């Protein structure tokens, strides 16, 4: 695992972008700023293997020795994130093919198909050389496999991918008839008689879309086949280094969805992630907190590492606003409060050329005499002053929220009751309403058992569209055994194959446990809002429903379904279960959750602009309005 009694500080270092006379200056500035770790070699394949089988490690050897002599540890990368031009020229079949059948060319990054045997063979050979050479070097303290898997070309629709997808389906389904039944292929004459008839779900005739079960299985396959790449590289490294941990950087960001990080987290030695703010959002610190809490959920509450974030502006948003004075410290310490073992960045020195030349860095274009360098140096000193923070886990919250990448995949599909449905936006609204009410939350996967859920006073289920019978039973048992539950609209509509559960929407969880019978969906018009009978305000969604044993909290009014259930609850003896059959506005969601929290005696700390987080004996108070950070130890 990660080094004990130590907080990491540094970032991606790309010395190959600079003449050697800059390297000594880099080491000096790193020491001055308090940098103790750099990620090295992430995009260096073309500089290491200059032609097929011809390796040059001389420059890498030199900079590793310089870093080691300077007291700076190395997160050693495998350099496989971007294949070199010689590889894609000689083996063009490694290039990915997009949804419309267009081959994506060399010149960006991640220009490879995850199913490509050629890519795997060449990547494995490179990793073997790097691991063999540097596994025992004292400067290497961890391993960084590839980079941001699935960020740019997560889905490939080439013939190699089709064959790999068919093989994946053979393992998933007992027979082709099992697949037909799960996907409902008798609709539109989609029935298959052998697995080799199954295509990848790419472009279909206008106005039609691929089978929903096929679509979500392809996303599962894409995450799995990419995870195989990570495991391949990890296993090579571990043949040479059985001591230092191996990771790859996830992307815990609001609209990043291609890889199932709950599954990936099972395969890394420790969870690491990248996060970049939407700087145009004045409440972006809440999204930061949400994604940090979600990352801790991947790690099952254990410490993790922020592998990348920005010192100031990024270069890929429509308008790349710079961070304001003091914001960087607030951002970084919010990550640390929530379990990160430090703060790492992209990148050390701002590039002079290339696509990311206007992406910020610890050393900007203007150099050392800058606010950015001074502020990150202050942060380095702050982290160095509190190394024992790393010994403690962030305190468990009293509220858990269910999160699942497969829900994301399911609700991205076309032909839904309304195009206004957004899984990430609903989750974000629920989270923000808690954050601004001073209520902390942990994230859990829907595979959590009733015993695991019992650690929490309250479990929230925002738009958990798919549940297996087992998952549904675990949430029901949690509520029956004393746990309090809030189920959001459009939840438990389907099983995990996207086949709709019949006999009243919401299945047994909504119809029997809570006691609401939902007949039909009535999406609201754009910009339409409704005042519910208890004074709360709703938008986006209503439904035709009636009580089936529950107690009415609020009904719809001024709608097409007046009198139908908007919010209901049921007393289960030692606990309560609520059903929220609509999307509440932010202020109404805050009132709803604050009322429940007060009823359950859940502790609230902070305000709508200040967060309070406890990590062992440490209390972090970060005020985003006053622009202050306070760390106290009791």
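With touching a helix residue (DSSP H, G or I) at 6+ places or on another chain (Cβ under 9 Å), part of a loop (DSSP other than H, G, I, E, B) and either closer than 26 Å to residue 261 by Cα or without any contact (Cβ under 8 Å) to a residue 60 or more places away in the chain (or both) as the only criterion, which of 323, 300 stands out?
Testing whether each residue is touching a helix residue (DSSP H, G or I) at 6+ places or on another chain (Cβ under 9 Å), part of a loop (DSSP other than H, G, I, E, B) and either closer than 26 Å to residue 261 by Cα or without any contact (Cβ under 8 Å) to a residue 60 or more places away in the chain (or both) leaves just 323.
Which of the residues belonging to the range 224-262 are touching a helix residue (DSSP H, G or I) at 6+ places or on another chain (Cβ under 8 Å), more than 24 Å from residue 161 (Cβ to Cβ) and assigned to a strand (DSSP E or B)?
246 - this is the single residue of the range 224-262 that is touching a helix residue (DSSP H, G or I) at 6+ places or on another chain (Cβ under 8 Å), more than 24 Å from residue 161 (Cβ to Cβ) and assigned to a strand (DSSP E or B).
Tell me the helices (runs of 4 or more DSSP H) entirely within the range 366-454 that contain at least 2 residues that are exposed (fewer than 15 other Cβ atoms within 10 Å of the Cβ) and in contact (Cβ under 8 Å) with a residue 60 or more places away in the chain.
371-385
Could you tell me which residue of the range 17-38 is nearest to residue 88 (Cα to Cα), considering only residues that are in a helix (DSSP H, G or I) and under 30 Å from the mean Cα position of the chain (by Cα)?
17
Scanning for something surrounded by fewer than 22 Cβ atoms within 10 Å (Cβ to Cβ) and either within 24 Å of residue 550 (Cβ to Cβ) or under 23 Å from the mean Cα position of the chain (by Cα) (or both), does the range 484-491 turn up at least one residue?
No - not one qualifying residue is present in the range 484-491.
Check the range 207-220 and report whether any residue there is free of Cβ contacts under 8 Å to residues at least 24 places away in the same chain, at positive phi and surrounded by fewer than 17 Cβ atoms within 10 Å (Cβ to Cβ). So that I can check it myself, show each step before the final result.
Residues of the range 207-220 free of Cβ contacts under 8 Å to residues at least 24 places away in the same chain: 207-208, 210.
Subsequent filtering for residues that are at positive phi retains 207.
Next cut, surrounded by fewer than 17 Cβ atoms within 10 Å (Cβ to Cβ) only: 207.
Checking the range 207-220: at least one residue is free of Cβ contacts under 8 Å to residues at least 24 places away in the same chain, at positive phi and surrounded by fewer than 17 Cβ atoms within 10 Å (Cβ to Cβ).
Taking residue 489 and the conditions (1) without any contact (Cβ under 8 Å) to a residue 12 or more places away in the chain; (2) touching a strand residue (DSSP E or B) at 6+ places or on another chain (Cβ under 6 Å), which numbered condition does it fall short on, given that it satisfies the others?
(1)
Test residue 336 against the stated conditions and say whether it is crowded, with 23+ Cβ neighbours inside 10 Å and either outside any helix (DSSP H, G or I) or under 21 Å from the mean Cα position of the chain (by Cα) (or both).
So residue 336 passes the test.
Mind checking which residues of the range 1-38 are crowded, with 20+ Cβ neighbours inside 10 Å and modelled with pLDDT under 95?
Across the range 1-38, the qualifying residues are 2, 6.
Go through the range 263-297 residue by residue and tally those that are without any contact (Cβ under 8 Å) to a residue 60 or more places away in the chain, part of a loop (DSSP other than H, G, I, E, B) and within 23 Å of residue 233 (Cβ to Cβ).
The total comes to 5.
From the list 609, 624, 614, pick out the single residue that is modelled with pLDDT of 95 or more and touching a helix residue (DSSP H, G or I) at 6+ places or on another chain (Cβ under 6 Å).
624
Just give me the residues in the range 191-206 being closer than 20 Å to residue 410 by Cα, without any contact (Cβ under 8 Å) to a residue 24 or more places away in the chain and surrounded by fewer than 16 Cβ atoms within 10 Å (Cβ to Cβ), in sequence order.
Matches in the range 191-206: 204 only.
Can you tell me which condition residue 360 does not meet? The list is (1) touching a helix residue (DSSP H, G or I) at 6+ places or on another chain (Cβ under 8 Å); (2) surrounded by fewer than 18 Cβ atoms within 10 Å (Cβ to Cβ); (3) not in a helix (DSSP H, G or I), and all the others hold.
(2)
Specify the residue that is surrounded by the most Cβ atoms within 10 Å (Cβ to Cβ); the eligible residues are those in the range 154-181 that are in a loop (DSSP other than H, G, I, E, B) and free of Cβ contacts under 8 Å to residues at least 40 places away in the same chain. It would help to see each step written out before you state the result.
Start the filter on the range 154-181 by keeping residues that are in a loop (DSSP other than H, G, I, E, B), which leaves 154-158, 173-175.
Next, from what is left, pick out any that are free of Cβ contacts under 8 Å to residues at least 40 places away in the same chain: 173-175.
Values: 173: 17, 174: 9, 175: 10.
Top of the filtered list is 173.
Hand me the list of strands (runs of 3 or more DSSP E) wholly inside the range 509-628 holding 3 or more residues that are touching a strand residue (DSSP E or B) at 6+ places or on another chain (Cβ under 9 Å) and touching a residue at least 24 places away in the same chain (Cβ under 8 Å).
Correct list: 516-523, 529-531, 537-539, 541-547, 565-571, 576-580, 610-615, 618-623.
Contact list please: Cβ distance under 6 Å, first residue in the range 236-249 and closer than 16 Å to residue 129 by Cα, second residue modelled with pLDDT of 95 or more and buried (at least 20 other Cβ atoms within 10 Å of the Cβ), pairs at least six apart or on different chains.
236/127; 236/131; 237/131; 237/143; 237/246; 240/131
Which condition from (1) under 24 Å from residue 410 (Cβ atoms); (2) at pLDDT 95 or above is the one that residue 483 breaks?
(1)
The values are calculated or read from the model by the stated rules, or taken from the named source; none is laboratory data. Owing to the predicted nature of the structure, the values given are computational and were not obtained by experimental measurement. Backbone-built Cβ (ideal geometry, glycine too); neighbour counts: all protein chains shown.
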